[in-house]
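What follows is one structure encoded as structure tokens, with my remarks underneath.
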Amino acid sequence: MTLHMKLKSSIAAVLMLGATGLGLTSQANADAIDDITKAGAINVGIFSDFPPFSSASADMSIKGYDIDVAQYIADSLKVKLNLVSVTGQNRIPYLTDKRVDILMSVGYSKEREEVIDFAAAYAPYYIAVIGPAALAVKGKEDLADKSIAVNRGTLEDTSLTEAAPASADIKRFDNYNSVIQAFISGQTQLMVVGNDVGAQVLAKQDALKPEQKFQLLTSPSHIGLNKKEDRLKTAVNDAVAKMLADGKLDESSKAWLKTPLNPDNLKD
């Protein structure tokens, strides 16, 4: 091979290496928004049986508060919504492995923040005291001498035990169905549950006319996403802010949680 040919070959190799390097750089700079736009869809991890946030409807489609929000985010990005069923055990790996782009209904914790990022709080999650409209209960002191059903060993149990006066009759049950039945049947005057469970009771017990008396603890749900996805986080935050501003979140809260949205319930 002549010197000229060797030089030509070397230049070609350098150019090829440079092009490869540029390709890698471009790939490294690609983010979730780019991938979502290219795919024309956003993959959203949801619990498929988590009413009233997400569950199968009569036509077998998944509907609920989370689905309303996820659809709004997809619409704001002008892409299709692709729902992906996850469990409590696999949803963080699904996110970090990029099998989903975002996760709905993620409670904030310092441990989780070491692995994933959190967009704005969008869903109220709180523990509430629920009782019939005819029973006057406005605060913790009114729990004195009242019988109250609660699920044994849960955060609801801990919160109630800390808040209730010594004279309160706390009746502990082994599951939520038993708690609900004790309240509906009149075995207890009140019950303490999360707003996800409470919404089902508020929606179905017209004769009892149950209502939320007050809240014991507030811990809103966030939308989870991978770290260093600043553009996606901004897009999600903007979508949630718009839903708050135009009343869409309030509409979903009334439809699915059976109560108007209180923006204070979106504060950690």
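The values are calculated or read from the model by the stated rules, or taken from the named source; none is laboratory data. Note that this is a predicted model, so its numbers are computed, not measured. Because the Cβ atoms are built from the backbone with ideal geometry, glycine has one as well, and the counts that use them run over all protein chains shown.
Test VAL100 against the stated conditions and say whether it is out of contact with any Leu (no Cβ under 8 Å at 6 or more places or on another chain) and hydrophobic (A, V, I, L, M, F, W, C). Against the criterion (out of contact with any Leu (no Cβ under 8 Å at 6 or more places or on another chain) and hydrophobic (A, V, I, L, M, F, W, C)), VAL100 qualifies.
Out of the residues in the stretch 151-198 meeting the condition of being farther than 20 Å from SER55 by Cβ and acidic (Asp, Glu), tell me which one is surrounded by the most Cβ atoms within 10 Å (Cβ to Cβ).
If we filter the stretch 151-198 for residues that are farther than 20 Å from SER55 by Cβ, which is where we start, we get 152-174, 178, 181-192.
Still in the list and also acidic (Asp, Glu): 156-157, 162, 169, 174.
Numbers: GLU156: 24, ASP157: 17, GLU162: 10, ASP169: 15, ASP174: 10.
Among those that are farther than 20 Å from SER55 by Cβ and acidic (Asp, Glu), it is GLU156.
Taking the residues in the stretch 88-118 that are touching a His at 6+ places or on another chain (Cβ under 6 Å) and either among the hydrophobic types (A, V, I, L, M, F, W, C) or buried (at least 20 other Cβ atoms within 10 Å of the Cβ) (or both) as candidates, determine which candidate is nearest to LEU190 (Cα to Cα). Of everything passing the filter in the stretch 88-118, VAL106 is nearest to LEU190 (Cα to Cα).
Hey, could you check the stretch 243-267 for residues that are farther than 30 Å from ALA134 by Cβ and crowded, with 21+ Cβ neighbours inside 10 Å and say which is farthest from the chain's Cα centre (by Cα)? The residue in question is MET243.
Just checking, which of VAL201, VAL240 is out of contact with any Asp or Glu (no Cβ under 9 Å at 6 or more places or on another chain), in the same structural domain as TYR108 (by TED's automatic domain parsing) and surrounded by 15 or more Cβ atoms within 10 Å (Cβ to Cβ)?
Within the list VAL201, VAL240, the selection yields VAL240.
Within the stretch 59-82, track down each residue that is touching a residue at least 40 places away in the same chain (Cβ under 8 Å) and within 22 Å of ASP35 (Cα to Cα). Passing the criteria: VAL69, TYR72, ILE73, SER76, LEU77, VAL79, LYS80, LEU81, ASN82. Of GLY88, GLY131, all but one fail to be under 30 Å from ALA182 (Cα atoms) and not in a loop (DSSP other than H, G, I, E, B); the exception is GLY131. So is ALA123 touching a Ser or Thr at 6+ places or on another chain (Cβ under 6 Å) and surrounded by 13 or more Cβ atoms within 10 Å (Cβ to Cβ) or not? Against the criterion (touching a Ser or Thr at 6+ places or on another chain (Cβ under 6 Å) and surrounded by 13 or more Cβ atoms within 10 Å (Cβ to Cβ)), ALA123 qualifies. When the residues of the stretch 112-132 are filtered to those that are more than 13 Å from the chain's Cα centre (by Cα) and closer than 26 Å to ASP206 by Cβ, the one that is modelled with the lowest pLDDT is ILE127.
Taking into account only those residues within the stretch 91-106 that are in contact (Cβ under 8 Å) with a residue 12 or more places away in the chain and part of a helix (DSSP H, G or I), which is farthest from ALA255 (Cα to Cα)? Break it down into steps so the answer makes sense when it comes.
Step one: filter the stretch 91-106 for residues in contact (Cβ under 8 Å) with a residue 12 or more places away in the chain, giving 91-92, 94-96, 98-106.
So of that shortlist, the ones also part of a helix (DSSP H, G or I) come out as 91-92, 94-96.
Values: ARG91: 27, ILE92: 29, TYR94: 30, LEU95: 29, THR96: 32 Å.
Filtering the stretch 91-106 for residues that are in contact (Cβ under 8 Å) with a residue 12 or more places away in the chain and part of a helix (DSSP H, G or I), the one farthest from ALA255 (Cα to Cα) comes out as THR96.
If you check ALA133 against the conditions, is it touching a strand residue (DSSP E or B) at 6+ places or on another chain (Cβ under 7 Å), over 30 Å from TYR72 (Cα atoms), in the same structural domain as GLY186 (by TED's automatic domain parsing) and buried (at least 16 other Cβ atoms within 10 Å of the Cβ)? So ALA133 fails the test.
How many of the residues in the stretch 136-147 are in a helix (DSSP H, G or I) and either outside the structural domain of ASN195 (by TED's automatic domain parsing) or over 29 Å from the mean Cα position of the chain (by Cα) (or both)?
Number satisfying all stated conditions: 3.
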